[in-house]
Each structure stands twice: as structure tokens, then as C-alpha cells.
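Enquirer: Structure in C-alpha cells, see below.
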Amino acid sequence: MSNPQQQQAEAKTISAVPPGAPQAAPAAPAGKTPPNKRVLFIAGIIALAAIGVGGRMWYRAANYVETENAYVTGHVHPVSSRIAGVVTRVLVEDNQVVKEGDPIAELDPADQRVKVEQIEAQIASAEQQVRQSEAQIAQTHAQASAAQAQVAQAQANLVRASQDAERYHQLYNTQMKAVSKAELDAATAARAGATADVTARKDAVAAAQAQVGAASAARDVLRSQIKVLQAQLKDAQQQLGYNKILAPVSGRIGKRAVEVGARVQPGQQLAAVVEDNVWVTANFKETQLAGLKPGQEVKVDIDALPKHELTGRVDSFSPASGAQFALLPADNATGNFTKIVQRVPVKITLKPEDIKALQGRLVPGMSAVVEIAIHQKDPQPQAKQVAAR
């Protein structure tokens, strides 16, 4: 119910209105404010923007695949020593451009040089022994020839002694005593002595020939030792050459960790050479691979180079997902299996002219964003050849 004072005020207000004056519009009921046109306009704009954004997202989802899980990749070649030694010179600086075969560092060659000289001296000594063996062989050959000549002479003496003994036997018998018994015995003894002399000479020839064979065998052993020493010398010379550490490929020096005076061990990494040729490895979800194929054009945005939009091409797909190359691959045969979308690395090559234009600013490890239009025309012939290869 209204307050009496309020009713009196309303009555005064009504009585104050002159007759014939237009009546005021009745007050709007409380809680029903008319809509604001500005609010409606803003809401319409927001709705149109939402429709546009949703339409764009649907269009891009249907025609493009994109991933931020992409990185610039390249060949990084570690440089290490093949022998132990002390570093005497370092010939490169950080980020320096080198060519294949350029010296990077040098080790102290004193130990390897001493070993080379030692083996060379052993080879010279063995060669001298070979020459002595050859001289000994020639000498034993001469002795064998002389013994052979003495055999011939002894055989001639044996023939004469046999003839003399035969004649003395004919002159001394029961019917005829033309010579004495002593002369017959002397002739018989001479024949026996000549026979023994022939045997001795033949044995001397056999001994001389055996000496020739022994000397020849000793010479062959020395020659074999020389071949072994020559192989050792070649290895020692190679070890001496390893004192110069050379760049395996052309590129730029990185991660230099060698200083003068340091003692290095075989296999110890001293630096790394990074080749200029780089590419992008994009890890796409397995659900994004249906529309991808080698040769497709790719848009690549490098986070470190926002003003340089690069164009590449799909080169190849990894033979397995990234999880398969992990140190401890997941065992999906266990009872607590949870399906997780896997990612497959995709190699994307860049144009050589684009890489060259960036002048070494595109380096392995940089993050990238990759976008591929899946409804492209057939790849170019060159891309097809890459895919076929």
C-alpha cells in the first residue's frame, strides 16, 4: 500500500496539470529496459568475427596442415684426434669457414718421428744382413762347385786305382808271380782309398749344397722381416701424418674445445664442422600425414628470421615414428595402454639460393613453423625424381 503522503503529492501533481494538456506517457514498468542499439551492433560484429574466424579455421583445417614442432637440421661433423699427443698449434677460430682438408690443429710429432727413424734403422740393418746372406750364398755355391770338381777328380783317381789293382791281380796269381805281393796289396789299398775319397767328396758336395739352402732360407727370413718392418714403417708414417688434424668437410667451425698445450686422446672431440647445406625436420602428427606426399611445396617460417619466409619441398618421410628411435621405446603390450598420437619426422629441403642469401644465419637447431597446402597439383618433375629416388 502507498504512503498517505505520497498519495497527496500525486494528487497535487494531477491537479496542477491544466485542463486540455496532453497526458504524460505512463512510466515503463520496472526491470524492462529497452535494448541498446550500440550493444546490439557490437554483439553483431563479435558474432560476425566469430563466424569468420571459425570459417577460416575450418577452411585451413580442411586445406592445410601446420606444425610448430619443426627444427632446422644439418650435418655436424665432429673433429677428433686419431692419436694421443700434445697440441702445439691451433689454426682455426670459432665460427671460421674452412675447406675440406684444411689443418685445424697440430700435435707434437717428436714421438712418432722417433718411431719412424727407429724402424728405418731396423730396415737398413735387415737389408745389410740380406746382402751378407747373399754373399754367403755365393760363397757356398763356389764351395759346392769346388767340391763337385773334387768329386770328379776323386772318381778319376778311383778309375785309375781300380785299373791298377786289376792289372796287379792279373800279374800275381797262382801260375804267375810277375809282381810282388806287396805291390798287389798296395794297388788294392789304393783302390779302396780312392773309393773312400769319392764318398767323402760327395758328402762334401751335399754339405755345401745344404749350406746353400740354409743361407737361402736365412735370406728369405730376413726379406720377410723387411716386409714386416716396411708395413710398420708405413703405419708409423701414417701416425706421424695424423699429427695434423684436418677438416673432414667444408663448413664452419663450431664448439671448438682445443687449446695449445692440451694433451688429447684418440677419439676426443676437439671441434665440430657444420656444413652450410641445411634442411628442416618437421614432426607431423600421424593424423596429418594423409594428404602429404613428396614434392609438395612447403612454407617455412623461421622464428629467428621473422622477415624471411622460405619455400621448401617435402623430400621424404622417416621410416619410423620418433618414439621408435627413443632410447627406451614404449611397450604398448602392457595393460596400462593409453593411445597417444605419434609424430613422424618429415624432411623438408630448402632452396639453395635461399640458404645462400641468408649468409650463414640459418643454422641447425633453430625452431621453425611449417605449413603445407594438402590440395596441391602434381609435384614438379624434379620433385617427382626426388620422391622416386
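Enquirer: Kindly list the number of the only condition in (1) in contact (Cβ under 8 Å) with a residue 40 or more places away in the chain; (2) under 26 Å from the mean Cα position of the chain (by Cα); (3) outside the structural domain of V76 (by the TED database) that fails for L233.
Expert: Looking at each condition in turn, L233 falls short on (2).
Enquirer: Let me ask something additional. Looking at A149, A138, A142, which is the one that is farther than 16 Å from A210 by Cα, surrounded by fewer than 13 Cβ atoms within 10 Å (Cβ to Cβ) and among the small types (G, A, S)?
Expert: So the residue among A149, A138, A142 that is farther than 16 Å from A210 by Cα, surrounded by fewer than 13 Cβ atoms within 10 Å (Cβ to Cβ) and among the small types (G, A, S) is A149.
Enquirer: A further question on this structure: For V280, only one of the following conditions fails: (1) touching a residue at least 40 places away in the same chain (Cβ under 8 Å); (2) within 30 Å of D111 (Cα to Cα); (3) not charged (D, E, K, R). What is its number?
Expert: (2)
Enquirer: Can you tell me which condition V92 does not meet? The list is (1) surrounded by fewer than 18 Cβ atoms within 10 Å (Cβ to Cβ); (2) outside any strand (DSSP E or B); (3) out of contact with any helix residue (DSSP H, G or I) (no Cβ under 9 Å at 6 or more places or on another chain), and all the others hold.
Expert: It fails just one condition, (1).
Enquirer: Given the criterion in contact with a Gly (Cβ under 7 Å, 6 or more places away or on another chain), under 19 Å from G254 (Cβ atoms) and assigned to a strand (DSSP E or B), identify the matching residue among N283, N277.
Expert: N277
Enquirer: Here is a list: V346, V314, V369. Which entry is part of a strand (DSSP E or B), more than 28 Å from the chain's Cα centre (by Cα), at pLDDT 90 or above and farther than 30 Å from Q96 by Cβ?
Expert: V369
Enquirer: Sort out which residues of region 306-321 are of a type outside the set (F, W, Y) and surrounded by 15 or more Cβ atoms within 10 Å (Cβ to Cβ), and write them in order of number.
Expert: Result: L310, G312, R313, V314, D315, S318, S321.
Enquirer: While we're on this one: Considering region 291-319 alone, what residues qualify as being without any contact (Cβ under 8 Å) to a residue 12 or more places away in the chain and either within 23 Å of Q342 (Cα to Cα) or of a type in the set (D, E) (or both)?
Expert: E309, P319
Enquirer: Follow-up. Could you tell me which residue of region 317-336 is modelled with the lowest pLDDT, considering only residues that are among the aliphatic types (A, V, I, L, M) and more than 27 Å from the chain's Cα centre (by Cα)?
Expert: Across region 317-336, the extreme among qualifying residues is A333.
Enquirer: For region 104-149, what are the residues that are among the acidic types (D, E) and in a helix (DSSP H, G or I)?
Expert: D111, E117, E120, E127, E134
Enquirer: For a quick check of your reading of the model, give me the residue pairs whose first member lies in region 192-209 and is surrounded by 19 or more Cβ atoms within 10 Å (Cβ to Cβ), whose second is among the basic types (K, R) and part of a helix (DSSP H, G or I), with beta-carbon atoms closer than 9 Å and at least 6 apart or on different chains.
Expert: These pairs meet every condition: A194/R160.
Enquirer: Okay, next question. So which of K299, K339, K293 ends up being over 25 Å from the mean Cα position of the chain (by Cα), assigned to a strand (DSSP E or B) and either of a type outside the set (F, W, Y) or on the phi > 0 side of the Ramachandran plot (or both)?
Expert: K299
Enquirer: Inspect all residues belonging to region 71-88 and state whether any of them is among the β-branched types (V, I, T), loosely packed, with under 12 Cβ neighbours inside 10 Å and out of contact with any Lys or Arg (no Cβ under 7 Å at 6 or more places or on another chain).
Expert: Looking for residues that are among the β-branched types (V, I, T), loosely packed, with under 12 Cβ neighbours inside 10 Å and out of contact with any Lys or Arg (no Cβ under 7 Å at 6 or more places or on another chain), one finds none in region 71-88, hence no.
The values are calculated or read from the model by the stated rules, or taken from the named source; none is laboratory data. Everything numeric in this text was worked out from a predicted model, so none of it was measured. All Cβ positions, glycine included, derive from the backbone under ideal geometry; neighbour counts span all protein chains shown.
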